[in-house]
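For reference, the structure is listed below as structure tokens.
Derivation of every value follows stated rules applied to the coordinates shown; laboratory data play no part. The shown structure was predicted, so the numbers you read here are calculated from the model rather than taken from an experiment. With ideal geometry, Cβ positions are generated from the backbone for all residues, glycine too; neighbour counts draw on all protein chains shown.
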Ligand SMILES: Nc1ncnc2c1ncn2[C@@H]1O[C@H](COP(=O)(O)OP(=O)(O)OP(=O)(O)O)[C@@H](O)[C@H]1O
Ligand SMILES: [Mg+2]
């Protein structure tokens, strides 16, 4: 056995340093034997059944401990015995890892079933990134599975919607076998994975196509002039007004929501108000007398609204109606 005092003394005498794209660097001035190491830490044997994983940084240590703690009610993970800022004391997982196992043994239906069950458990306990390499999965003498190295299951810069790493780590042949098993046992899940795999394949092909192409900068520079908008003064004023209006509306809605105001109601009131104003305006300036060059109309507001309605072939009243009915994406009569 080891004592807490011993443990703390040893932990002071093991220095683990993270390296870029390589396993950690380890300086071990203790009698403890190293069982293995990876990019996040090194694992040392404490007793026959207990080991300690020493990390290069506290974030990885905290994440792994948290992820392991989520799984303590299941039989999938090493039991936790203790933690320091840079170490975790846990059960030693024995058995044969899936990589070794599959070198001589077939991927049977029963094993595939266990892998699917493992994924289900991951999801159930709250792992965000359900993706393990086959070498992190250990087969026990009774045929059950255990999993180590789980820090990345709860935090990662990338998340895949299907067990990409597990599938690719199986290799082409076993991947096909596993997929066939999934198709048999869980056809809907199979279809989803297949969908993602195809999307990925298409993305890969597009990238292969796009990557070698040098953009024709000169041509695009000339052609892109047609996208410029500030030279035409009156159009620029219109566009700027529209933009500011949009920003104002977004901020206004945010503020109202924060205050707990029912924005739909307020909008309806504003519409009502504008209806009245518009009515007055129409009476004072009948259509025949109206000057649409912006002298009387609210520049940008009425003018471009008319344009917009015309362009889209939608009636402005219809738009307002839609919004009142609460249709998603419906717009008010004001410019956005
Ligand atoms: N609980 C355990 N029981 C037995 N061996 C373990 C245990 N945890 C880790 N090991 C051994 O130590 C090695 C390194 O551990 P682990 O994979 O957890 O490190 P890591 O730095 O987090 O790896 P990665 O770079 O993949 O994140 C493992 O490959 C395994 O051989
Ligand atoms: Mg790890």
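Odds and ends about this structure:
- As a proxy for reagent exposure, ranking 223, 166, 119 by other Cβ atoms within 10 Å from fewest up yields 223, 119, 166.
- When the alpha-carbon atoms of segment 213-265 are used, the pair Rg, Dmax equals 18.9, 53 angstrom.
- Förster-model FRET efficiency, 25 Å R0, residue 49 and residue 3, C-beta, rounded to 0.05: 0.95
- Alpha-carbon gyration tensor eigenvalues x 5, square-rooted, for segment 74-182, Å: 24, 17, 12
- FRET E, pair residue 57, residue 99, Förster distance 35 Å, beta-carbon r, rounded to 0.05: 0.85
- When the Cα gyration tensor is reduced to axis lengths a ≥ b ≥ c, the ratio a/c is 1.5 or higher for segment 4-91, and with a/b not above b/c it is classed as oblate.
- Using the Cβ-Cβ distance between residue 110 and residue 213 with R0 set to 51 Å, the FRET efficiency works out to roughly 0.60.
- Here the extension length gained between residue 276 and residue 239 equals 10.7 nm, from 0.36 nm per residue of separation less the Cα-Cα distance.
- Rel. contact order, % - alpha carbon contacts under 8 angstrom, at least six apart, segment 96-201: 30
- Projected onto its three principal axes, the C-alpha set of segment 78-134 covers 41, 26, 15 Å, listed from the longest axis down.
- Linear extension gain, residue 197 paired with residue 250, 0.36 nm per residue minus alpha-carbon span: 15.3 nm
- For segment 1-152, the relative contact order is 18 percent, taking Cα pairs closer than 8 Å that sit 6 or more residues apart in sequence and dividing their mean separation by the residue count.
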